[in-house]
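The values are calculated or read from the model by the stated rules, or taken from the named source; none is laboratory data. Predicted, not measured: the structure shown is a model, and the values here were computed from it. No Cβ is skipped: glycine too gets one built from the backbone with ideal geometry, and neighbour counts run over all protein chains shown. The protein model used for the area step is the full one, side chains on, heavy atoms only, and it has no ligands, DNA or RNA in it. Shrake-Rupley method; radii C 1.70, N 1.55, O 1.52, S 1.80 Å.
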Amino acid sequence: MSIYYQPRIGEMLIESGFVNSQEVERAVEFQSRLGGKLGAVLIRLGALSEDNLLNTLSKQLDIPVIENIPLDAAPLLELIEKSEIEQDWWLDQEVVAWEMDEIIHCMSRDPLSSTIHEVFQHIFSKQEIIWYLSRQQDLDRILDLLAKANNDENFGDTDDVNLLRELAEGAPVVEFVNNMLSQAIDKRASDVHVEPEEHTFFVRYRIDGILYEHLNLPKERFNPIASRIKLISGLDIAERRLPQDGRLNTRVSGQDLDIRVSCLPGVHGESIVMRLLPKERQTSSLKQLGFAPDHYKMFNNWISEPHGIILVTGPTGSGKSTTLYAALDAVNNRTQKIITVEDPVEYQLGGITQVQAHSDIGYTFAGALRSILRQDPDIIMIGEIRDKETSEIAIQAALTGHMVLSTLHTNDAVSAFTRLIDMGIEPFLVSTSVRAVQAQRLVRRLCDCATLYSPLDMIQEQVKRILPKELTNQAAMWKQAVGCQKCQQTGYQGRVGIYELVYLTGEMQALILENATTIKMRKLASQQGFRNLRDDGFIKAYQGITSVEEVLRVTEEMG
């Protein structure tokens, strides 16, 4: 936003921890060459989000940040008519105002403009005037309402590729996209969804596995924004009929990010999804993943075995890769050769050789694995077992003295055995190579605002029967979600894993050799002390980590 900044704004931003001194120095140097306001420059450089800038400016200038903007043009047009000033002046000055309870409420691109203040003091001399700081997209949305009411053509509603490229490189669109990403990072989003509809488009953030609507803007602004995203991620802005995948490396809100971009043509335009992968994110340790004490001990024992296959199963987004990275970190004592083959390599680990598969050029998991076996590895991590060829090589590696860690897409742990057999692997190979299987999901952690409560007696009795002995002396801490400003009124902040672990005993190997049904294998696992995902979730609810409602939501398909 174009606001006159007092000299202290940079210092205030540093004191608040929103930026560091190097980022401010870089912005000042950029400002001296190309002009602009310091806050806008910091946003454009990806060092700061607009929300953090506005909150700091609000303290500095003693001007509130507006939260509830007008949703239609009627009150704006009423005040314009009352002012007797041409509507073009309001659009040229980028200022809007409306009357409520005999008070004039105003938003402007420059709320400190002396020209606008003089005009308002002259026209509304007998009324109180309140000025607000506003988010750029909020002001743009209201100005769009006025422009449409004035039958103006919106500059963004175009299909011309050259004009789109020009708009995509313009300051307003650049700042919008950078700010959208900065706010996503500030809100801990893992994905950004930009989704067009017939007359509007939405920006939604996936936070802790749930999609939340962030913005709803006029459709006319979609094409320049979509073109900007495609331009910076190396995609063809002229191609809108075929799906495209791209990526970019950038610095956003003080973090270095690897962003994967997917464009999918739809009826009303391209749906764009950006997966945000912070480069500096530290690998979680096994203790941080949320294992119950007995599960933690079991999993540690598994990864310490000299050979065999350990599978981690679950749907996309259930934290499988995080678990595998934590397992590798736990066994990485520099005395063993560890090699991974991934698509993509999400996080880089020290002391480990990580290989990126490229299926588009024929360098598949199977092809990479053949080369890896000639590298004298002790431990191999395969990003995902997707086909018979990959599974056969993984089994060969396990049977020749290697420890193999991998993921598989199944709903529960026991189904992994039948899945491998369905791929065409002989049951005797499955029973002799696979050591253990873990299934997992992610549930949201309760925020500190959660309050104590008592769930159904049925659930409490069930937990008493399955509670690990290490937790029997721990008092019940059942809680329910409430919601506060810190957790954006959701009641949750962050996520934790829930798990089910199955080890291949002699009896389980016999059932696999018989090609028994998953029902039969699950029954045997239960007799051997197996705890399913829902039960493990209830234990975490008992500890006050998550809520019963959240566990039921995530494990709904388990019945």
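The modelled label-to-label distance for the pair residue 45/residue 345, using points 7 Å beyond Cα in the direction of Cβ, is 3.0 nm.
For residue 499, the accessible area of its heavy atoms, probed at 1.4 Å with every protein chain present, is near 0 square angstrom.
Rounded to the nearest 0.05, the FRET efficiency derived from the C-beta distance between residue 102 and residue 59 at R0 = 25 Å is 0.30. Note on residue 59: lysines with a C-alpha under 24 Å away, same-chain residues under 8 apart excluded, are 37, 187, 486. Give me the net charge of residue 272's neighbourhood, meaning all other residues with Cβ under 12 Å from the Cβ of residue 272; Lys, Arg count +1, Asp, Glu -1. Spelling it out: positives minus negatives among the neighbours equals +2. Taking the longest Cα principal axis of the chain as reference, the axis of helix 114-123 is set at about 60 degrees. Using a Förster distance of 25 angstrom, determine the FRET efficiency expected from the C-beta separation of residue 353 and residue 305, and round it to 0.05. So the FRET efficiency works out to roughly 0.75. Cross-link partners for residue 126 among the aspartates and glutamates, with Cα-Cα distance under 18 Å and sequence neighbours closer than 8 places in the same chain left out: 78, 81, 84, 99, 101, 102, 118.
Per the Kirkwood formula applied to alpha carbons, the stretch 377-436 shows a radius of gyration over Rh ratio, Rg over Rh, of 0.92. Setting aside same-chain residues fewer than 8 positions from residue 337, which lysines have a Cα under 26 Å from its Cα? Candidates past the 8-residue exclusion: 279, 287, 297, 320, 388. For the stretch 227-296, with all protein chains in place and a probe radius of 1.4 Å, 47% of the accessible heavy-atom surface sits on carbon or sulfur.
Would you please state which residues of the stretch 210-235 a label at residue 251 would reach in this model, taking the label point 7 Å out along Cα→Cβ and a backbone N cut-off of under 16 Å? It comes to no residues whatsoever.
Of the peptides 506-513, 356-363, 405-412, the order by per-residue mean of other Cβ atoms within 10 Å, starting with the highest, comes out as 405-412, 506-513, 356-363. Summing Lys and Arg as +1 and Asp and Glu as -1 over all other residues whose Cβ lies under 14 Å from the Cβ of residue 457 gives a net charge of +1.
Applying a 4.7 Å Cβ-Cβ cutoff to the chain leaves 106, 263 as cysteine residues with no disulfide-compatible partner. Compactness of the chain, taken as the C-alpha radius of gyration over 2.2 N^0.38 Å, stands at 1.16. Accessible surface computed residue by residue for the chain, with neighbouring protein chains in place and a 1.4 Å probe, gives 47 Å² per residue. Put simply, when 108-116, 45-53 are sorted by average Cβ atoms within 10 angstrom per residue, most first, you get 45-53, 108-116. Just so you know, the averaged projected area of the alpha carbon convex hull for the stretch 7-145 sits at 9.0 nm². Counted over the stretch 482-559 with a bin width of 10 Å, the fraction of Cα pairs per bin, in whole percents, is 17, 36, 25, 14, 7, 1. Residue-normalised convex hull volume from the C-alpha trace of the stretch 274-334: 115 Å³ per residue.
Computed extension length for residue 378-residue 451: 21.5 nm, one decimal, from 0.36 nm per residue of separation with the Cα-Cα distance subtracted. The ellipsoid that matches the Cα gyration tensor of the stretch 151-297 has semi-axes, each √(5λ) in whole angstrom, of 33, 16, 14, with the longest given first. Residues in the stretch 514-538 near a label at residue 460, defined as backbone nitrogen under 20 Å from the 7 Å Cα→Cβ point? Within reach of a label on residue 460: 535-538. For the chain, find the longest principal axis of its Cα atoms and tell me its angle to the long axis of helix 74-83, 0 to 90°, nearest 10. Taking Cα atoms only, the helix is inclined about 20 degrees. Starting from one equal scatterer on each C-alpha and no solvent at all, send me the Debye-based log10 I(q)/I(0) for the stretch 472-525 at q = 0.18, 0.26 Å⁻¹, two decimals. Result of the Debye calculation: -0.73, -1.04.
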